[in-house]
Each structure stands twice: as C-alpha cells, then as structure tokens.
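K.L.:
One structure, pasted below without further comment.
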Amino acid sequence: MRAHPLTESDVAVAAASAAVADAPGTDGQPGEQGAGDAAPTEASAVSGFGRQVRAARELLARPLTPYYLLVGIMSLLLLLGLVMVLSTGSIRNLANGQSPYSDFFKQLTGVVVGIPLAWLAARSSPRVFRAAAYPLVAIAAIGLALTLISGVGQTQNGATRWIDIGPITFQPSEVAKLALVIWGADLLARKEKLGLLADWRHMLVPLMPGVGLLAMLVMAGDDLGTTFVLVLIFLTLLWVAGAPGRVFVLILILMGLVLVLLAVTSPYRVERLTSFLNDNTTVVTAQNYQAVHGRIALGSGGLFGVGLGASGAKWGYVPEDWSDFIFAIIGEELGLVGTLCVTALYGALAYAGLRVARRAEDTFTRLAASAITAWIVLQAVVNMGAVIGVLPITGVPLPLVSEGLSSVLVTMVALGMLMSFARREPGAREALAARGPGVASHVRSWLAPGRRR
C-alpha cells in the first residue's frame, strides 16, 4: 500500500493520545505512580508538624527562655492592668468628683517606679536577697502592727490593711508575702547546709512561729485573702524542702482548729468561706450580690466581649470591679477569648517559674523560685476562681492587673527576683555573653564623654 503523508490533524491526534497515556491514573506505565500521590503529601505534612514541634521544644530548652518569658508576661499583664484600671477606675473617679484618670495615673506611677526596681532585682545576686531577709520581716511585722493602731491604720470595707504615708497608701501585708518568701527560703537553706532538715522539727521551728505571727497580724486586720496566701507560701516552702507527709497532716489539723475557732468567735468569716457553695443565684441578697453580678458581667461578654470601655457592669453593678473583681470586667469587655488569654499568661508564668526552680543550682534559689511562683500563680487562681464562683471570695487582687500600688510594686520586685534566678541557671551566663552588650550598655557608651562631640 502507498503511505499517506501525515497531516496536521494526524499530528494533533497523536499528541493527544500520548498525553492521555502519560496522565496519572490511566493504564499507561507512567500513570501508575498517580494513585500514591496523596500518601507522600500526608507524610510530608506530618513530618513538617514534627519538625515544628521539635523546633518549639528546642526553643523552650534554651537557657534564657524563662527569662524572656518572665519579661514578656510581666509586660503584657502590666499593660492589660493599666487598660482595665483606666476602664473601671474612671467610673469611680467620676462618681467621687475626681479626674477620670486619677486611678490610672496612680497605677501608672506604680508601674514606672516598679520597672527600675524589677530591673535592679533582676541584676542582683541571691546574696543581696538573703541579706534583706530579716530587715524585710521586721518591716512587715512593724507595718502590720501599725495598721492595728487607731488613727494610723486605714479601714476599708471592714478590713484594716493600709497605712497612709503622705499622699501614698501603703499595704504592709503585701511586703509580708515577699518577706516570708525570702526569710523562709534563707532559713531552710541554712538549715540544709548544716544538715538539720533530716529532723522535721527543724523545718517547723522557727519558720512556723514566724508564719503564725505574720498571719495573726494580718488576720487581726480582717485580711483573710492575704492570710491564705501566706499559708500557701509556707506550705510550698515545706513541700520543696522535702517535709514528710505527717508534717502536712499536723498543719491541716491546726488549720481545722483555727477554722473551728473562727466559727465560734466570728461566724461571718466562715459564712464568707462557704458562701460560694450556695448555687442559688436567682435570689440576690447582700451576701451574694457581688458574686452574682460578677458572674453576670463575666457571662455577658460572650466570645469576643462588648469591647474595651463598653462594660455596663462597671457602672456600679459589680463592687470592687477595679480590684478584686476586675477579672469579671475583663470577661465582659474582652469575652471568653480575653479571659483565656489572661489564664494562658499565668500558665506560662507557672511554667517559667517552675523551670527556674527545677534548674536551680542552690537550695535558696530553688525554694524562693518555687514560693514566688506558687504565690503569684495561685493568687491569680484564687482571684479568678472567686469571680467564676468555684472558690470563696477572699479579697485577693489579680496580680499585676488589679489596681493597687503596693501589690504592683511588690509583685514586680518578686518577678525581678525570678528573672535574676533565670539569668543564673546553667548555660544562661554563656548565652548572655554570646548575646553581647544590652541596650543599657549601648546607651551608656553613647552617653560617654569620649563619644560626644
């Protein structure tokens, strides 16, 4: 037969047939790999997620990670506190005929003063903290005793906690928390060095009488919340020091006897501790007014809140919304997302503090870091638990967020101590040296006389 020359249509048909034969999923040989394309894609996604997890773990394992976490968390909580104090305190200021920014500027003053104090604490050695142990205990005890003197101590909402020093209101019970942390850690560290902690009686004496004295002075001013925090610090110190279980049983028995004594002498205190067990929120009474309206404000924010400054509950419906119940206004203005973010910040603070305590090379650092972490984190848990109705209302502020000059200053110094401990964990000094001079060093060198023209 005579062959026909190929036309353009024949060439197009041949090219199309070859393309179909090579396409994935057809019977042609090259298409046999197409059915397995999904598997490599899923495998690569899993391996990519694994690489991200490993990278995150390596980042958290770096020596200076707790230090930067503490700096970032403290900054975010202070910023949130300033915003919320401006939002809540302005209403009270206007009602009292003051400037709407009065409470905000007072809180801002505390932050401005607290930043250099925290910076100094972060760059101080543990020897400096240990040297301040007994002076701090003396200052706290004298200050607490002064609050009980008529005309010196200032009473608010039935509690005598403050001393007026000129234009400044000072709360000695906040200093008592920091004093107990440093003094208790120093005392137990010295006893461990002497080999005395093998006897459980050396753990309790003189630590337990000292805690009892501070707690009685605080309770005399009807400050139940701070007493609870002091007991938490005391129990944390004993637990980290390795106290046996019978010691905690003895302490719990003593606490039970104290509660019985309170029930006999001050029934209203026991009513405050047990009022959260009453789930009847349909009838608003004088006892549950704050709790009920706090939960209403918290729930009315929904998922994303009504917006900053748009709270309706802060207009006299939630008592102490600038202090003990500021978390309720956070829930209303920032919603569930905002409250979860705040909770996550305190959770990250717990991780950073416990990481510092676990890697500490000396007993004092381990005890002090554990006690500071327990104090700040558990105080936040007690505050938030009281607002949502799962814990009794004890009057403790939300650390770094609630209004209060003494609370902000003392908490910032305590976090500065944690930063100091974080800068001394294994590998941290080498990492700091490799980082080079910081911002302060650059500023000092820039301001040096030889550099100016």
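The values are calculated or read from the model by the stated rules, or taken from the named source; none is laboratory data. Just so it is clear, the structure is predicted and the values come from calculations on it, not from any experiment. Positions of Cβ are generated from backbone atoms using ideal geometry, with glycine treated the same way; all protein chains shown enter the neighbour counts.
K.L.:
For Ala291, work out the one condition from (1) touching a residue at least 40 places away in the same chain (Cβ under 8 Å); (2) small (Gly, Ala, Ser); (3) outside any helix (DSSP H, G or I); (4) out of contact with any helix residue (DSSP H, G or I) (no Cβ under 6 Å at 6 or more places or on another chain) it doesn't fulfil.
P.N.:
Among (1) touching a residue at least 40 places away in the same chain (Cβ under 8 Å); (2) small (Gly, Ala, Ser); (3) outside any helix (DSSP H, G or I); (4) out of contact with any helix residue (DSSP H, G or I) (no Cβ under 6 Å at 6 or more places or on another chain), the lone unmet condition for Ala291 is (3).
K.L.:
In region 165-218, which residue that is more than 29 Å from the chain's Cα centre (by Cα) and touching a residue at least 40 places away in the same chain (Cβ under 8 Å) is surrounded by the fewest Cβ atoms within 10 Å (Cβ to Cβ)?
P.N.:
Lys193
K.L.:
From the list Ser406, Ser402, pick out the single residue that is of a type in the set (S, T, N, Q) and buried (at least 23 other Cβ atoms within 10 Å of the Cβ).
P.N.:
Every option except Ser402 fails the conditions.
K.L.:
What number of residues in region 232-277 are of a type in the set (S, T, N, Q) and under 18 Å from Arg201 (Cα atoms)?
P.N.:
Looking only at that region, the number is 1.
K.L.:
Can you say whether Phe234 is in contact with a Pro (Cβ under 8 Å, 6 or more places away or on another chain), at negative phi and in contact (Cβ under 8 Å) with a residue 40 or more places away in the chain, as far as the supplied structure shows?
P.N.:
Answer is no for this residue.
K.L.:
If Phe327 satisfies every condition in (1) part of a loop (DSSP other than H, G, I, E, B); (2) touching a Leu at 6+ places or on another chain (Cβ under 6 Å) but one, which is the exception?
P.N.:
Of (1) part of a loop (DSSP other than H, G, I, E, B); (2) touching a Leu at 6+ places or on another chain (Cβ under 6 Å), only one is false for Phe327: (1).
K.L.:
Which of the residues belonging to region 299-315 are farther than 16 Å from Thr88 by Cα and surrounded by 16 or more Cβ atoms within 10 Å (Cβ to Cβ)?
P.N.:
Matches in region 299-315: Ser300 only.
K.L.:
Thr343 passes all but one of (1) part of a loop (DSSP other than H, G, I, E, B); (2) polar (S, T, N, Q); (3) over 25 Å from Asn96 (Cβ atoms); which number fails?
P.N.:
Checking Thr343 against (1) part of a loop (DSSP other than H, G, I, E, B); (2) polar (S, T, N, Q); (3) over 25 Å from Asn96 (Cβ atoms), the one that fails is (1).
K.L.:
Let me ask something else about it. Tally time: how many residues in region 114-140 are within 26 Å of the chain's Cα centre (by Cα) and surrounded by 14 or more Cβ atoms within 10 Å (Cβ to Cβ)?
P.N.:
17
K.L.:
Taking region 251-276 on its own, how many of its residues are closer than 23 Å to Ser323 by Cα and either of a type in the set (A, V, I, L, M, F, W, C) or in a loop (DSSP other than H, G, I, E, B) (or both)?
P.N.:
Matching residues across region 251-276 total 3.
K.L.:
Could you please tell me which pairs satisfy a Cβ distance under 7 Å, a separation of 6+ or placement on different chains, a first residue in region 89-118 that is within 29 Å of Met419 (Cβ to Cβ), and a second residue that is part of a loop (DSSP other than H, G, I, E, B)?
P.N.:
Gly89/Trp322; Gly89/Glu403; Asp103/Trp322; Asp103/Glu403; Gln107/Glu403
Each row is one residue, and each column tells you yes or no for (1) within 18 Å of Gly416 (Cα to Cα); (2) modelled with pLDDT of 95 or more.
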position: Ala286; (1), (2): no, no
position: Ala328; (1), (2): no, yes
position: Glu332; (1), (2): no, yes
position: Thr339; (1), (2): no, yes
position: Phe364; (1), (2): yes, yes
position: Ala371; (1), (2): yes, yes
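K.L.:
For region 119-140, which positions are charged (D, E, K, R) and without any contact (Cβ under 8 Å) to a residue 24 or more places away in the chain?
P.N.:
Matches in region 119-140: Arg127 only.
K.L.:
Ok, one more. Could you grab me the full set of residues in region 353-379 that are within 17 Å of Trp183 (Cβ to Cβ) and surrounded by fewer than 23 Cβ atoms within 10 Å (Cβ to Cβ)?
P.N.:
Correct list: Asp362, Thr363, Arg366.
K.L.:
Within the bounds of region 260-282, is there any residue that is more than 30 Å from Leu405 (Cα to Cα) and surrounded by 15 or more Cβ atoms within 10 Å (Cβ to Cβ)?
P.N.:
Yes: region 260-282 contains one or more residues that are more than 30 Å from Leu405 (Cα to Cα) and surrounded by 15 or more Cβ atoms within 10 Å (Cβ to Cβ).
K.L.:
Take the residues in region 414-434 that are charged (D, E, K, R) and at pLDDT below 80; name whichever of them is nearest to the chain's Cα centre (by Cα).
P.N.:
Checked region 414-434; the qualifying residue nearest to the chain's Cα centre (by Cα) is Arg429.
K.L.:
I would also like to ask the following. Which condition from (1) buried (at least 20 other Cβ atoms within 10 Å of the Cβ); (2) in contact with a Leu (Cβ under 8 Å, 6 or more places away or on another chain); (3) under 22 Å from Trp119 (Cα atoms) is the one that Thr394 breaks?
P.N.:
Against the list (1) buried (at least 20 other Cβ atoms within 10 Å of the Cβ); (2) in contact with a Leu (Cβ under 8 Å, 6 or more places away or on another chain); (3) under 22 Å from Trp119 (Cα atoms), Thr394 comes up short only on (3).
K.L.:
Further question: Based on what the data block shows, is Val401 of a type outside the set (Gly, Ala, Ser), on the phi < 0 side of the Ramachandran plot and not in a helix (DSSP H, G or I)?
P.N.:
Judged against the criteria, Val401 is a match.
K.L.:
Same structure again: Taking the residues in region 55-85 that are assigned to a helix (DSSP H, G or I), aliphatic (A, V, I, L, M) and at pLDDT below 95 as candidates, determine which candidate is nearest to Leu409 (Cα to Cα).
P.N.:
Looking at the filtered set, the residue picked out is Leu60.
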